[in-house]
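The values are calculated or read from the model by the stated rules, or taken from the named source; none is laboratory data. Please read these numbers as outputs of a predicted model, since none were measured by experiment. Ideal geometry is used to build each Cβ from the backbone, glycine not excepted, and the neighbour counts take in all protein chains shown.
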Amino acid sequence: MNTRIYVLKFPKEVIDQPIISNLVKKYDLEFNILKATILLQQEGVMVLEFLGHKANVKKGIAYLNEMGVSVKSMAGNIHRDDEKCYQCGACTGVCPTGALSLHRPDMAVLFDEEKCTACGLCVSVCPARAMEVSLNGSVAELAA
Amino acid sequence: MGEFKVQKTYEEINAKIKAGQAVVVTAEEMVGIVKKHGPVDAARKVDVVTTGTFSPMCSSGAFINFGHSNPTIKALKVWMNNVPAYAGIAAVDVYIGATEPTEDDPLNKVFPGEFLYGGGHVLEDLVAGKKVLLKAVGYGTDCYPNKNVEKEVTLADLPYALLVNPRNCYQNYNCAINLSDRTVYCYMGTLKPQVRNATYCSAGELSPLLNDPYYKTIGLGTRIFLGGGIGYVTWQGSQHNPKALRSENGTTRRAAGTLMVQGDLKQMSSRWLKGVSMQGYGSSLAVGIGIPIPILNEEMAAYTGVSDAEIFTQIVDYSYDYSHGVARNYGEVSYAQLKSGQIEVNGKMVPTAPLSSVVRAREIAETLKGWITSGKFLLEKPIQTLPSE
């Protein structure tokens, strides 16, 4: 099984179509909808975590692209500034997915972008303000 | 003083350092050495143990002289990047403190406040070589007629800049929990309601004062790694409390000793002085400190051999007890347990998160080890010891 988080952008022409339900019916994919918004210009933005076999995820994404929906891996939208981060580990106490974790026994703070859902909890907890999540509070940026 | 099997003096250790023959290890490495060889043999083998800590340390700041302008000013109020600095010292001398918020900061008006910039950040910007906008207003005197000065300064422009931290390097600290039903935002970070997480802030076995629990070698005049440069211990810190509860190995089980430290800001770097923002609390400064401990005898070897499993702290509620002076705890835990990622509180497993960087603490101990083995950093015998038990 494969778990990955994607950002989907729906052009306004397709926002009334049952695209997500087709992912279940046709491609046997499970998913968690982490965020869903319709912007001013009627484009839709959705953050989706896919669970399913790699081949099915691939087919599902091909279907989305065919429908005009752009699909990008979430990872690109989260960034840790390694100059600012001094590896204290405060973020590991609030990260709900384990994307930020401590490596034992050396206590290095690891960041696995693939596990990050861009919830943004780490941003304000980080004493050095080293985490930048472009999705949080600014969905419009993603649609740009 | 015939009580020890191994006896070395500062002079002997310094002679070995100068000759490039001193054996220097970090406090982490010393744990294994003492365990394997025992304190007497460890004291024969090892001359110096280096320690390190890197975490937010309030009670930090700098004395700055910003130089005379023409015409001259006697500053009444001074701001650096819009952060107020205390000017009631002399004409152009100020003290800028780490927790001072920006003049127009919204503070906690919308709770919890972000505190994105403050005195700690001004210090970081200075050591990073960035330009800082300095504004001063005066009331005008015959000798200092100017009433307004505004100029951009860099650390290199300043005639004098001395980091002076009245309380750093806490010997141990509380593990924080929140027993209430609402989230607590405090200097110990974000604490979830109903004890769903715990935070702690110590370098444990790498921490300076936990390796010299009775301050036998750390005192006035001790030369140290401070913010990437060389600094000195100049007094005990404020709130220094040597009478705190101790374990048999001498380490304190509560917040106890503290250090006042100072050093030339111009030697320091932004890698080791970092402005921090504690949500809902305020800004502060993360400070890197490393202290060398001379292994004068087997007693010092035993002290420096202490491991995370043998150092304990108390679990304190920050929703009510801490803020209302209730001397109560919810058990004691070792740093080995804290670093494992979970502890037991009231029969429930609770995830832990640190605020003190072990990675950076280790890097400081290694850096100091490098300075000493290369012969460029000698140990200084304290001219006066700190108040002990």
Practice problem: Starting from the stretch A:55-83, keep only residues that are free of Cβ contacts under 8 Å to residues at least 40 places away in the same chain, then list their pairs with residues that are surrounded by 14 or more Cβ atoms within 10 Å (Cβ to Cβ) and not aliphatic (A, V, I, L, M) whose Cβ atoms are within a distance under 6 Å, requiring at least 6 positions of separation or different chains. | Solution: A:56/A:27; A:59/A:27; A:60/A:27
Self-check item: Any hit, the stretch A:8-25, residues being surrounded by 13 or more Cβ atoms within 10 Å (Cβ to Cβ) and within 20 Å of residue A:112 (Cβ to Cβ)
Solution: no
Quiz item: Is it the case that some residue within the stretch B:364-387 is within 23 Å of residue B:186 (Cβ to Cβ) and of a type in the set (A, V, I, L, M, F, W, C)?
Solution: no
Quiz item: Between residues in the stretch A:23-40 that are closer than 15 Å to residue A:4 by Cα and residues that are surrounded by 14 or more Cβ atoms within 10 Å (Cβ to Cβ) and of a type in the set (S, T, N, Q), which pairs lie under 8 Å by C-beta distance while being six or more apart or on different chains?
Solution: A:29/A:56; A:34/A:117
Self-check item: the stretch A:98-124 - residue that is in contact with a Lys or Arg (Cβ under 9 Å, 6 or more places away or on another chain) and surrounded by fewer than 18 Cβ atoms within 10 Å (Cβ to Cβ) and, of those, farthest from residue B:53 (Cα to Cα)
Solution: A:114
Quiz item: Taking the stretch B:193-225, which residues are touching an Asp or Glu at 6+ places or on another chain (Cβ under 9 Å) and farther than 24 Å from residue B:297 by Cα?
Solution: B:193, B:194, B:195
Quiz item: Which one of B:247, B:270 is within 14 Å of chain A (Cβ to nearest Cβ) and touching a residue at least 40 places away in the same chain (Cβ under 8 Å)?
Solution: B:270
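Would you call residue A:79 at negative phi and within 17 Å of the chain's Cα centre (by Cα)? Don't jump to the end; show me each part of the working.
Details: at negative phi: yes; within 17 Å of the chain's Cα centre (by Cα): yes.
Judged against the criteria, residue A:79 is a match.
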Exercise. Go through the stretch B:89-203 and tell me which strands (runs of 3 or more DSSP E), entirely inside it, have 3 or more residues that are away from chain A (no Cβ under 14 Å).
Key: B:93-97, B:132-138, B:148-153, B:160-168
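Pick from A:118, A:99, A:90, A:108: which is small (Gly, Ala, Ser) and touching a Gly at 6+ places or on another chain (Cβ under 7 Å)?
A:90
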Quiz prompt | Cβ pairs under 8 Å, 6+ apart, first in the stretch A:119-144 and at pLDDT below 90, second acidic (Asp, Glu) | solution = A:132/A:81; A:134/A:141; A:135/A:141; A:143/A:43
Quiz item: Got a number for residues in the stretch B:234-270 being over 23 Å from residue B:306 (Cα atoms) and touching an Asp or Glu at 6+ places or on another chain (Cβ under 9 Å)?
Solution: 1
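Each row is one residue, and each column tells you yes or no for (1) surrounded by 20 or more Cβ atoms within 10 Å (Cβ to Cβ); (2) touching a Ser or Thr at 6+ places or on another chain (Cβ under 8 Å).
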residue	(1), (2)
B:178	yes, yes
B:198	yes, yes
B:214	no, yes
B:231	yes, no
B:234	no, no
B:242	no, yes
Quiz item: Do we find a residue being of a type in the set (S, T, N, Q) and touching a Pro at 6+ places or on another chain (Cβ under 9 Å) anywhere in the stretch B:106-123?
Solution: no
Exercise. Look through A:62, A:36, A:55 and report the one residue that is modelled with pLDDT of 90 or more, loosely packed, with under 15 Cβ neighbours inside 10 Å and not in a loop (DSSP other than H, G, I, E, B).
Key: A:62
Quiz item: What number of residues in the stretch B:266-305 are more than 30 Å from residue B:64 (Cβ to Cβ), touching a Gly at 6+ places or on another chain (Cβ under 9 Å) and either surrounded by 24 or more Cβ atoms within 10 Å (Cβ to Cβ) or among the aromatic types (Phe, Trp, Tyr) (or both)?
Solution: 3
Practice problem: Kindly check whether there is at least one residue in the stretch A:83-97 that is more than 12 Å from every other protein chain (Cβ to nearest Cβ) and closer than 28 Å to residue B:335 by Cα. | Solution: yes
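Yes/no per residue for (1) within 14 Å of chain A (Cβ to nearest Cβ); (2) over 30 Å from residue B:110 (Cβ atoms); (3) of a type outside the set (Lys, Arg):
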position: B:281; (1), (2), (3): yes, no, yes
position: B:299; (1), (2), (3): no, yes, yes
position: B:304; (1), (2), (3): no, yes, yes
position: B:322; (1), (2), (3): no, no, yes
position: B:326; (1), (2), (3): no, no, yes
position: B:331; (1), (2), (3): no, yes, yes
Exercise. Inspect the stretch B:361-373 for any residue being without any contact (Cβ under 8 Å) to a residue 12 or more places away in the chain and under 30 Å from residue B:47 (Cα atoms) and give the result as yes or no.
Key: yes
